[in-house]
Amino acid sequence: MCEAVEVKEVIYRFDDLSENLRFSWEESFSLEDTRLFSNLSGDRNSIHLSHEAATKRGFQGPVVHAARVLGEISRACGFEFFASGVVASNLEAQFCRPVLHDTKYNFILVCESLCQTRAKKEATFRFEISDHNKKSYVTGKVRLCFP
């Protein structure tokens, strides 16, 4: 299924964060992973599963579901980098290019701002997903609420 590479096992709390703090990892998505996600989500659009259908629509091959790609950001925030209880309260993304199978992508999260009041602790991160040539595929922001 998915392969995460070089994810550090450091868990950050809100007080450990600073602006411009950067997290990065590599990820690739297999066609089998997409088949499983397709069955789970009910999105069986053939551009995700069939090379022929995808190329007829102008893609180089089957395209990874956008929700699956963004799910990788959520997974990393919820389980890899931050302490238990962190919730993504807002996620915005722009897809510049389709994300394809069996390609290693670089994921980068950079802390853009921190906000702490009596009622809340929030951090906003910008993210980018690019290939080894530094071509951007997805950019966006995610706001995280900390306990």
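In the chain, the longest principal axis of the Cα atoms and the axis of helix 31-41 are about 70 degrees apart.
Seen from Ile47, the other residues with C-beta closer than 15 Å to its C-beta sum to a net charge of +4, counting Lys and Arg as +1 and Asp and Glu as -1. Counting pairs of alpha carbon atoms under 8 Å apart in space and at least six apart in sequence, what relative contact order in percent does segment 27-114 give? Taking the mean separation of contacting Cα pairs over the length of segment 27-114, I get 36 percent.
Once the Cα-Cα distance is subtracted from the 0.36 nm per residue extended length, the Ser113 to Phe59 segment shows a gain of 15.8 nm. Structural descriptor for segment 32-76: relative contact order 28 percent, calculated from alpha carbon pairs under 8 angstrom and at least 6 residues apart. If R0 equals 25 Å, the separation of the Cβ atoms of Leu21 and Asn133 corresponds to a calculated FRET efficiency of about 0.45. Taking a Cβ cut-off of under 11 Å around Gly85, the surrounding Lys, Arg, Asp and Glu residues balance to a net charge of +2, with basic ones at +1 and acidic ones at -1.
Relative contact order, whole percent, for the chain stands at 27, derived from Cα pairs under 8 Å and 6 or more residues apart. Qualifying chymotrypsin sites (Phe, Trp or Tyr not before Pro) in segment 6-84, where qualification requires a DSSP coil assignment and no more than 14 other C-beta atoms within 10 Å, are lacking entirely.
Counted without the sites themselves, the longest stretch of the chain free of GluC sites (Glu not before Pro) in a DSSP loop having at most 14 other beta carbon atoms within 10 Å is 20-147. For Lys141 and Phe95, the FRET efficiency from 1/(1 + (r/R0)^6), where r spans their Cβ atoms and R0 equals 22 Å, is about 0.95.
Tell me whether the chain comes out rounded, prolate or oblate; compute the Cα gyration tensor, take square roots of the eigenvalues as a ≥ b ≥ c, and use a/c under 1.5 as the rounded threshold.
It comes out prolate by the Cα gyration axes.
Computed from Cα positions, the angle between helix 66-75 and the longest principal axis of the chain comes to roughly 30 degrees.
Readers should treat all values here as calculations from the given coordinates under stated rules, not as data from a laboratory. In this text, all values refer to a predicted model and were calculated from it rather than measured experimentally. Note that each Cβ is placed from the backbone with ideal geometry, even for glycine, and that neighbours are counted across all protein chains shown.
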